[in-house]
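The values are calculated or read from the model by the stated rules, or taken from the named source; none is laboratory data. Quick caveat: nothing in here was measured; it's all calculated off a predicted structure. Cβ: placed from backbone, ideal geometry, glycine included. Neighbour counts: every protein chain shown.
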Amino acid sequence: MDNLSPKEKDHKFELVAKELFIGIGGGALGVILSEILTSLIFGWIDLFGEIMFDLIGGYFGMFTAIAIVVYSFLKKRKKQEDFLKNLFQGLLGLVVSVLSFYFLISSLTKSLELPHAFVNISIVVIPLSVTIMSFNYGLFDERIGSSENRI
C-alpha cells in the first residue's frame, strides 16, 4: 500500500508522465538518428539490418531520455548519488524486457498467429513500461533520505 501524501502522489504521477512522453520522444529521436547514421556509415543495407539498428537506436534513445528525467528528479531532491543505482536498475530492466519480449514473441508465434499490430505496439510498450518501472523502483521509498529531503 502506498503511504504517500497527496503531494507526493502528484509528483509520482508527474514523474511517470514525463518519463513516458519524453521516453517515447527520445526513442523516436533515437530511431531517426540511427537511421541517418546507418545510411551514412553503411550506405544501403538489407531491411532486417536496418530494422535492428533502428530498434537499438530507439531503445538507446528511450533509455537516455528516461535517465535524464530521473537525474533531474534526483537532482531536485538532492539525491544525485542514487543516480547510478537507478541507472543500472533501468538498464537491467531494459535488457530483461527486451529479452523477455523476444522469447515471448518467438514462442507464441510458433503456436499462435499474432496480429502484426499487437507485435508492433508491444515492441515499444513492454520495454518502455518495464524500463520506467525499474528506474523508479525505490525512488519514493520511505527509507531513502530523511523527511526534510522528501518532496
Given the condition within 15 Å of the chain's Cα centre (by Cα), hydroxyl-bearing (Ser, Thr, Tyr) and modelled with pLDDT of 85 or more, answer yes or no: does some residue in region 134-148 qualify? yes
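Among residues belonging to region 5-63 that are β-branched (Val, Ile, Thr) and either part of a loop (DSSP other than H, G, I, E, B) or in contact with a Leu (Cβ under 9 Å, 6 or more places away or on another chain) (or both), point out the one that is farthest from VAL98 (Cα to Cα). Write out each step before concluding.
The first filter runs over region 5-63 and keeps only residues β-branched (Val, Ile, Thr), leaving 16, 22, 24, 31-32, 36, 38, 41, 45, 51, 56.
From the residues that got through so far, the ones that are either part of a loop (DSSP other than H, G, I, E, B) or in contact with a Leu (Cβ under 9 Å, 6 or more places away or on another chain) (or both) too are 24, 31, 45.
Working: ILE24: 16, VAL31: 16, ILE45: 23 Å.
Result: ILE45.
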Could you tell me whether SER129 is touching a Gly at 6+ places or on another chain (Cβ under 7 Å), among the hydroxyl-bearing types (Ser, Thr, Tyr) and either at pLDDT 90 or above or under 20 Å from PHE21 (Cα atoms) (or both)? no
Could we say that SER72 is at pLDDT below 90 and either hydroxyl-bearing (Ser, Thr, Tyr) or surrounded by fewer than 12 Cβ atoms within 10 Å (Cβ to Cβ) (or both) here? no
Hey, can you tell me all the residues within region 75-105 that are among the aromatic types (Phe, Trp, Tyr) and surrounded by 15 or more Cβ atoms within 10 Å (Cβ to Cβ)? PHE83, PHE101
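Answer yes or no as to whether PHE53 is of a type in the set (Phe, Trp, Tyr), surrounded by 13 or more Cβ atoms within 10 Å (Cβ to Cβ) and under 15 Å from GLU19 (Cβ atoms). Step through it out loud before you land on a result.
On the way: of a type in the set (Phe, Trp, Tyr): yes; surrounded by 13 or more Cβ atoms within 10 Å (Cβ to Cβ): yes; under 15 Å from GLU19 (Cβ atoms): no.
In short, no.
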